Structures are given as C-alpha cells and as structure tokens.
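Below: the structure, in structure tokens.
The values are calculated or read from the model by the stated rules, or taken from the named source; none is laboratory data. All figures in this text were calculated on a predicted structure; none of them were measured in a lab. Don't worry about glycine lacking a Cβ; one is built from the backbone with ideal geometry, like all the others, and counts go over all protein chains shown. These area figures cover heavy atoms from the full protein model, side chains too; ligands, DNA and RNA do not enter into them. Shrake-Rupley method; radii C 1.70, N 1.55, O 1.52, S 1.80 Å.
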Amino acid sequence: VQLQASGGGLVQAGGSLRLSCAASGRTFSSYSMGWFRQAPGKEREFVAAISWSGDITYYSESVKGRFSTSRDNAKNTVYLQMNSLKPEDTAVYYCAAVKGTMDIYYSDYAYDYWGQGTLVTVSS
C-alpha cells in the first residue's frame, strides 16, 4: 500500500489543523493505521493509532484530549485532527500502515508502510 500524507502547514499556538493520509490499494480497510512525528533533532515518536475498523483509537499522553484520529475506509483515508496546538507539536508528521493480528500498534517497528511526511509548524 502507498501512503500520501497532506495537510501540514504553519499555524499559531492554539490553532487547529487536520492532516490526511490517502492510501492506495483495495485492502486499506484491513490495515491498522498510525501517526508518528519527528521534531528536529529528536527521535520519531508515536502520536496516535486507529484500528482497521476505526472502532479503537489510542493516543500518546502528550496529545490525548487535543488530537483525534479517524478513518473513512470508503475513501481510503485516515485523518488526524489536531486542536489546541502547541509549539512543541512542531514536527514532520508521518502516517503508517500495518496489517496484523492486533487492533492497535504503537511501536514504529510494527509498521510496514510509511507516508512521506508532512510538516506542521506551530508558532508561539
């Protein structure tokens, strides 16, 4: 499966952005999806994940209550709604896909496919 992330940009602190990740292929609905981010000089970190059905979601503590992820399997797209953005949310955001036996994966080692990343910059 090929993934294309979009929706990044420059936003002021407190603002919102919605990232999209469009997937190719007919079996998108069988993949669990994840969002990760990597800030300059830092390691990539887990942000959010969603099960193949969309019924189960999981978030890192740093974004819980501010970010939400959802998916539209008919459109082969997963979303990351980011509210109350903070300067520390500045990073390149990646979407990833995995087909496995679990509903949720929060380790980047578990994911098989990655999008190219989209830059989110939050100004103070």
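Does MET82 meet the test of being in contact with a Lys or Arg (Cβ under 8 Å, 6 or more places away or on another chain), of a type outside the set (Val, Ile, Thr) and either modelled with pLDDT of 95 or more or farther than 15 Å from GLY8 by Cα (or both)? So MET82 passes the test.
Being part of a loop (DSSP other than H, G, I, E, B), open to solvent by 20 Å² or more (accessible area, probe 1.4 Å), of a type in the set (Gly, Ala, Ser) and touching a residue at least 24 places away in the same chain (Cβ under 8 Å), is that true of even one residue in the stretch 41-52? Within the stretch 41-52, none of the residues are part of a loop (DSSP other than H, G, I, E, B), open to solvent by 20 Å² or more (accessible area, probe 1.4 Å), of a type in the set (Gly, Ala, Ser) and touching a residue at least 24 places away in the same chain (Cβ under 8 Å).
Given the criterion in a strand (DSSP E or B), open to solvent by 50 Å² or more (accessible area, probe 1.4 Å) and either among the hydroxyl-bearing types (Ser, Thr, Tyr) or under 20 Å from VAL120 (Cβ atoms) (or both), identify the matching residue among SER20, SER70, SER62. From the options SER20, SER70, SER62, the qualifying one is SER70.
Looking across the stretch 112-124, the residues that are more than 14 Å from ARG37 (Cα to Cα) and either open to solvent by less than 50 Å² (accessible area, probe 1.4 Å) or free of Cβ contacts under 8 Å to residues at least 40 places away in the same chain (or both) come down to ASP112, SER123. Taking the condition under 20 Å from SER123 (Cα atoms) and exposed (fewer than 14 other Cβ atoms within 10 Å of the Cβ), does GLY7 pass? The answer is no for GLY7. Residues in the stretch 87-105 that are surrounded by 15 or more Cβ atoms within 10 Å (Cβ to Cβ) and not in a strand (DSSP E or B): ASP89, THR90, ASP103, ILE104, TYR105.
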